Amino acid sequence: MISDIALPASRGQVGTPLIAIGERRDPSGPILEPDHRNTIIIIMGRDDMPDGLTLNKITSQKGIGITEAARRVADLGWTPSYVKEAMAFPTDYKISKAPRDPMKQVLRSYFPMQEEKDNRVYGALDAALRGDMFRNVEPRWIEWMKLFLAIIPFPEISAARSMATLGQLAPGDDLRTGFTMQMIDEFRHSTIQMNLKKWYMENYIDPAGFDITEKAFGKCYATTIGRQFGEAFLTGDAITASNIYLQVVAETAFTNTLFVAMPSEAARNGDYALPTVFLSVQSDESRHIGNGHSMLMSVLKEPDNHLLLERDIRYSFWQNHMIVDAAIGTIIEYGTKNRDKNKESYAELWHRWIFEDYYRTYMLPLEKYGIKIHHDDVHEAFDSIVKKNYVHKIAQFFSAGWWANFWRIEAMTERDFEWFESKYPGWYDEFGVWWENYAKLSKPGSVPITFADTGYVYPHRCWSSLVPCVIREDFQVDEVDGELYTYASEVDRWTHKEAFAAEYQGRPTPAMGRFSGRRQWEEVYDGWDLADAIQDMGFVRPDGKTLVAQPHLSFEEKDMWTLDHVRGHTIRSPLLALREMTPQQRQAHVEEYRKGFKIRRV
Ligand SMILES: [Fe+2]
Ligand SMILES: [Fe+2]
């Protein structure tokens, strides 16, 4: 057994095996047999390589063609024919046709390419420091990175796990190689993003918040939205989660806003680190899109799957829109100091990437194969951004509960107002006074804006996408399995009630799974005092009283809010209150809620 093997003194030295198979521990001890009961770890280092064999030499050996290499790699796969494998990741889809690997990437070309990309990232981080990036970067932007980099490594690692699912489900060994590379990519993405977060923490003027992101991520009232996103890659029907939600929708449509729009805005705010890291990430996505498309084509072959595809594309598109547009839309529009009127707004970017590129060239052609596409949802999603102010309402929500976050949100100013009004006409009328109030209430000792007499109505939460139900007129209530739930829109209601049910349009769907658990932040903290909830979340600085979050960017001690400033206010769950109402009260409440509110000056 490995536990009683005395480790040689040279442990950890590169190139020295810890212990070799067959070697005696001491002359009287047993000889270790090379079988699986005594697993021996041998650390190979450069010294162990045959003389003169280096990575360079291996990779520069005269190779075989990439197609031939991909074929031989796939040949090494082994699927037992004498036993039926248990379904580790259940799906209701039928998959009979083996998908092809469109990219035919093999390790020999993969590793040098990725190594080069990593080297460039680390070189650029070093150069940014030497160029004194933190002297010029906008704190407003870096604060929002506490949120962004709390969320994003999680979906990345979830995506890595999804590849295990897809590798198991894909028949044949061709595309398994593609999924393997994607898994390594996703690990790389998660780790370089974690490293970027650490780098900001070490160099930015106010590191508080960066240090707790991994713990804070599952607790904060804003980040649970991101949690729903990453968990959706892994839960429910395996093909729904890993191939449709992740590959066909998130990778193919929404990584553009995540990994292309975000870096552009970062650069405009003097942050040259984020673009380097995220463009390195984005350069892997074309392979992921290819993998997802290949798997989709293989699933499409089976007419029995068409109904499920219709359901899953609808659910995934809508929820990606609800979550990604909430988070990224807000960060891009409200986390920036750059108010150049010639740059595209989030709505314009969305139209170019999601509507023109994705919907018209990828989603729409699926109709040719007999898949029903919900065109109205795509138009509705766009309208929610340009006509119904979805992103602005989410930003209002984030700022309304600034104290429940672990980053600072500063008030919008005249310059911001002017840009918003030019890009989104009518903006000032709906949001101007809110932000003026926010500025006025940013001094410690003021009433937290959530509880001030502004006319703001704290929103319900959507049970499906976990975003707040901010487009009031679209608010929905329904009953599932005898319990009452609230939803941000009709598609969200349909997602919970119909898509995630035991059957879909008469067809049994046992693999789909259910939304369950204590999903809502407000329900978890219902009845709690603000100060106690903040302490419970761990959003307090090392002095034990100053909040991590602040509604301003002042770094002076006299401007900092502490637990005492927020104590005495109680958190209430709108959902629990709704469940307690009589049917008449409830109907009146829903009608009132749908009317919306008008903010008044405090
Ligand atoms: Fe990724
Ligand atoms: Fe990816």
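When LYS97 is tested against the conditions (1) over 30 Å from MET512 (Cβ atoms); (2) modelled with pLDDT of 75 or more; (3) not β-branched (Val, Ile, Thr), the lone failure is (1). None of PHE134, PHE89, PHE179 is outside any helix (DSSP H, G or I) and not hydroxyl-bearing (Ser, Thr, Tyr) except PHE89.
For PHE254, the conditions (1) more than 13 Å from ligand 2 (Cβ to nearest atom); (2) within 13 Å of the chain's Cα centre (by Cα) all hold with the exception of (1). Looking across GLU285, GLU251, GLU302, one residue alone is in contact with a Ser or Thr (Cβ under 8 Å, 6 or more places away or on another chain) and within 16 Å of ligand 1 (Cβ to nearest atom). It is GLU285.
For region 159-177, state whether one or more residues are within 21 Å of PHE111 (Cα to Cα) and in contact with a His (Cβ under 7 Å, 6 or more places away or on another chain). No, region 159-177 has no match at all. Looking at region 327-341, is at least one residue under 30 Å from GLU116 (Cβ atoms) and either aromatic (Phe, Trp, Tyr) or more than 16 Å from ligand 1 (Cβ to nearest atom) (or both)? Checked against the condition, which is being under 30 Å from GLU116 (Cβ atoms) and either aromatic (Phe, Trp, Tyr) or more than 16 Å from ligand 1 (Cβ to nearest atom) (or both), region 327-341 yields at least one hit.
Residues in region 530-544 include none that are of a type in the set (S, T, N, Q) and on the phi > 0 side of the Ramachandran plot.
If we keep just the residues of region 206-251 that are of a type in the set (S, T, N, Q) and away from ligand 2 (no atom under 16 Å from the Cβ), which is surrounded by the most Cβ atoms within 10 Å (Cβ to Cβ)?
This residue is THR240.
Criterion applied to GLY15, GLY45, GLY22 was being more than 42 Å from the chain's Cα centre (by Cα) and at pLDDT below 75, and the one residue passing it is GLY22.
GLU143 satisfies every condition listed in (1) within 16 Å of ligand 2 (Cβ to nearest atom); (2) touching a residue at least 24 places away in the same chain (Cβ under 8 Å) except (1). Annotation note: Cβ proximity below 7 Å between a residue of region 486-502 that is over 18 Å from VAL470 (Cβ atoms) and a residue that is surrounded by fewer than 24 Cβ atoms within 10 Å (Cβ to Cβ) and small (Gly, Ala, Ser) (sequence gap 6+ or interchain) occurs for PHE500/GLY513. Being in a helix (DSSP H, G or I), crowded, with 19+ Cβ neighbours inside 10 Å and not polar (S, T, N, Q) holds for only one residue in ARG314, ARG352, ARG360, and it is ARG314. Taking the condition within 16 Å of ligand 2 (Cβ to nearest atom) and among the hydroxyl-bearing types (Ser, Thr, Tyr), does THR191 pass? When the stated conditions are applied, THR191 passes them. Within region 381-408, if we keep just the residues that are surrounded by fewer than 19 Cβ atoms within 10 Å (Cβ to Cβ) and of a type in the set (D, E, K, R), the residue that is nearest to LEU563 (Cα to Cα) turns out to be LYS388. A single entry from GLY123, GLY172 fulfils the requirement of being of a type in the set (Gly, Ala, Ser), away from ligand 2 (no atom under 14 Å from the Cβ) and on the phi > 0 side of the Ramachandran plot: GLY172. Of everything listed in (1) of a type outside the set (S, T, N, Q); (2) at pLDDT 95 or above; (3) more than 18 Å from LEU234 (Cα to Cα), the single unmet condition for ASP481 is (2). Say whether the condition of being out of contact with any strand residue (DSSP E or B) (no Cβ under 8 Å at 6 or more places or on another chain) and within 16 Å of ligand 1 (Cβ to nearest atom) is met by at least one residue in region 306-322. Yes - at least one qualifying residue is present in region 306-322.
The values are calculated or read from the model by the stated rules, or taken from the named source; none is laboratory data. Source: prediction; values computed, not measured. For neighbour counting, all protein chains shown are included, and Cβ atoms are generated from backbone atoms with ideal geometry for every residue, glycine included.
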